[in-house]
């Protein structure tokens, strides 16, 4: 079954329409810049100084008050949206695999952004950047982007967000929205990577994906647990008490991510893979619309 | 400690595979997880307890080996020597007499006695043995000497209250015969203490008594209730009733009597503590039936508040009197309301009545007619006798006082100037039963039981002498009518529970005795007298024919086929026992005695405890496994 079938594309179109109607200009749509310039939306007046373009003189004001005032307009610029997609082996876990879910979410976000004339780039990472879809613009570019996503495969390396973020921010590119789609099971911690993005004036948004079996594992007895990323094993005897401990630790991890995001003004969306991806996008839209 | 089955220890070899399986490493199931970060946090926290991690599997091995050891040891059936030496023998006497129905102890005395019995059975050791004897009506062994607890408990559960008298003394004697010669024997008596032998039992060394009663119960009961037909009045009857107040305070109540559910008398009573009220009622009825007396009083024992008696029915009987003329003779039959009299001058003029009595005065035919015959002063010979010269002034020297024909009749003081001398013919003499005879041995009053019908002969000349003027004459004629109609005796006694009654069947065929609760028990099928009882329930008992296939209408010869449910004989049985009515224990101090529960540890053998321990170990292992404390 293809990852992006016609049904998926229909949902993308629907999400694109809904996004304009519901929260135009909030998350991914056009952003007004503080820069005044050649836009079409009036901002204010200022006094004419020699050298100014006569085309922006407000002749009506001159006719009524005999003052030369220059009309100023708010200049619009397109938003750069960077989608950092976790392609580590841990994302392969789950039913459906978290990686498939993450790619669908990334495709949806990219489609909405492209439909709103924003620029979109996708960076797949694990221990380092494993694949890169350069910034692109225009709705017509969605198909190559989908092909890129479909061709992605999980990498062997363990997740290292800080390393990836360090490399990402030093690229010669405009700042913009950095949507990180990952499970954030980073042995080095997720905070460092997000800090790097923030400190370099990117606007990070976190989408954390987990599988219900990760939140509530049904494992009991003598087991050898194998880490799918590192391949490391651990022989354990899992009891009901251990399961309760596990659930507590997992909840603490989830809470720590949420707390980090709220403390630093970072958008945060957490979801399990049993939530349909379009429902997740709509939820994100509602949250964003409510915020603005 | 010894082992009854030491060969079972060979099962210990099963420990080898258990240890082998323990030593063999079991490959762990590999489970991929998206990250091991969280699991490491858990198990790194538990690192200081790593010794326990190692020991917990050893604990599993130890639990399994202990489980096996207990099972093997149980199979070897260990026992202690003292179990054999100190094994005890018990006889448990359970009083299920009528007084144990009393409800002064909730729910009843018998229920409490049975609870106590169950506790005693539960307290038996494994090798203790017990027999259970019921002591109501008559001693009955309910369960032989056994150590099988279930059989003993079933015997206790099967005890139901009787209406019979207490027979604890006899039951104790029976118990002594059963276990008296054995070592470590004890007789445990569970009773309500309502019998006179209690004090002696309390002093007996081999008897332990436990009472189920309250010190001062209140009860009033009918202790006597009998009915009989009047000796003088053919339709009259008399009722004897007695009520006993077996309580420590005076009682006011009503005594009601009814015949076939029709009230015939109600008497208000007020009886002092320990007092007795007694009265004879005189009533009339030709119908007869079921007399019932009730005490309208709510007390601890209900069974003695009701008593019943059977009043025999009086049948009107056709009598044909063939006489040349005798006023006394006519009047003595005419005065009897149960007689339908026809008087004729000669036998051939008399109407033929089926089954009726023919009274022949003086002249008799040469061959006596079939059927019942009462011949008075025969003057002619017949096929049974020849007539001799008259006997002048006969004096009655001998009369059969045991005969029902002679009941309440005395002829020795009657003036009889003349009587007929009869010489019985061969064949008749053997069948004749002399009821009264003269000094010379001449028969004056005799009966002959011939196949064609009974014959009763009175040789006295009624025209001379004062016999017709004496009270003996109507009594004699009434006795004769009763004898001919087979209504033997005027008294149908109501026996007390525990009594027996002898009864002779009048017809052949299989018979059953039906108890008041509807249960039947078969009776011997012969002509000999049958002993009915001892009755253990109060109420109406009846002897009935077992229905046979070849049923003929009533009136046919008995034994060729009878209808179901037609009682052959009915008898009313009452408690009528002052000892049972008096619910007060004869020794109140005995109520304070402790329960005689034998010391034991649940009556379980050692192997049973071991099996229990094995199950506990299995449950412990299962619990540990489920909790993942061991694997």
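The values are calculated or read from the model by the stated rules, or taken from the named source; none is laboratory data. Remember, predicted model here, so these are calculated numbers, not experimental data. We place every Cβ from the backbone using ideal geometry, glycine too, and count neighbours over all the protein chains shown.
Data overview
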read-out	value
Qualifying residue in region B:95-115 (condition: over 30 Å from residue B:618 (Cβ atoms) and part of a strand (DSSP E or B))	no
Candidate set: region B:317-332, residues that are surrounded by fewer than 20 Cβ atoms within 10 Å (Cβ to Cβ) and out of contact with any helix residue (DSSP H, G or I) (no Cβ under 6 Å at 6 or more places or on another chain); chosen: the one farthest from residue B:476 (Cα to Cα)	B:324
Residue pairs meeting the criteria (Cβ under 8 Å; at least 6 apart or on separate chains; first on the phi > 0 side of the Ramachandran plot, in region B:443-456; second modelled with pLDDT of 90 or more and in a strand (DSSP E or B))	B:453/B:373
Exclusive hit being part of a loop (DSSP other than H, G, I, E, B), surrounded by fewer than 20 Cβ atoms within 10 Å (Cβ to Cβ) and not assigned by TED's automatic domain parsing to the domain that holds residue B:538, set B:248, B:299	B:248
Residues within region A:163-182 that are surrounded by 24 or more Cβ atoms within 10 Å (Cβ to Cβ) and either out of contact with any strand residue (DSSP E or B) (no Cβ under 7 Å at 6 or more places or on another chain) or farther than 19 Å from residue A:133 by Cβ (or both), tallied	1
Among the residues listed as B:460, B:455, the single one being in contact with a helix residue (DSSP H, G or I) (Cβ under 7 Å, 6 or more places away or on another chain) and surrounded by 21 or more Cβ atoms within 10 Å (Cβ to Cβ)	B:460
Sole residue being touching a strand residue (DSSP E or B) at 6+ places or on another chain (Cβ under 6 Å) and under 16 Å from residue B:35 (Cα atoms), chosen from A:243, A:223	A:223
Test: residue B:93 is assigned by TED's automatic domain parsing to the domain that holds residue B:206, at pLDDT 80 or above and in contact with a helix residue (DSSP H, G or I) (Cβ under 6 Å, 6 or more places away or on another chain)	yes
Residue list for region B:212-236, filter: at pLDDT below 90 and not in a loop (DSSP other than H, G, I, E, B)	B:228, B:229, B:236
Wholly enclosed strands (runs of 3 or more DSSP E) of region B:419-484 bearing at least 1 residues over 42 Å from the mean Cα position of the chain (by Cα) and more than 21 Å from residue B:356 (Cα to Cα)	B:422-424, B:432-438, B:443-450
Helices (runs of 4 or more DSSP H) contained entirely in region A:133-240, each with at least 3 residues that are away from chain B (no Cβ under 14 Å) and modelled with pLDDT of 90 or more	A:142-151, A:161-169, A:191-199
Number of the condition not met by residue A:251 [criteria: (1) more than 14 Å from every other protein chain (Cβ to nearest Cβ); (2) part of a helix (DSSP H, G or I)]	(1)
Cβ pairs under 7 Å, 6+ apart, first in region B:33-56 and more than 9 Å from chain A (Cβ to nearest Cβ) and surrounded by 13 or more Cβ atoms within 10 Å (Cβ to Cβ), second outside any helix (DSSP H, G or I) and at pLDDT 60 or above	none
When residues of region A:131-147 are limited to those that are crowded, with 20+ Cβ neighbours inside 10 Å and touching a strand residue (DSSP E or B) at 6+ places or on another chain (Cβ under 7 Å), the one farthest from residue A:6 (Cα to Cα)	A:133
Lone unmet requirement of (1) farther than 24 Å from residue B:452 by Cβ; (2) assigned to a loop (DSSP other than H, G, I, E, B); (3) in contact (Cβ under 8 Å) with a residue 12 or more places away in the chain for residue B:401	(3)
Any hit, region A:229-251, residues being more than 17 Å from the chain's Cα centre (by Cα), in contact (Cβ under 8 Å) with a residue 24 or more places away in the chain and under 23 Å from residue A:106 (Cα atoms)	yes
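Conditions (1) surrounded by 15 or more Cβ atoms within 10 Å (Cβ to Cβ); (2) touching a helix residue (DSSP H, G or I) at 6+ places or on another chain (Cβ under 9 Å), marked per residue:
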{"position": "B:354", "(1), (2)": "no, no"}
{"position": "B:372", "(1), (2)": "yes, yes"}
{"position": "B:378", "(1), (2)": "yes, no"}
{"position": "B:390", "(1), (2)": "yes, no"}
{"position": "B:401", "(1), (2)": "no, no"}
{"position": "B:405", "(1), (2)": "yes, yes"}
{"position": "B:427", "(1), (2)": "no, no"}
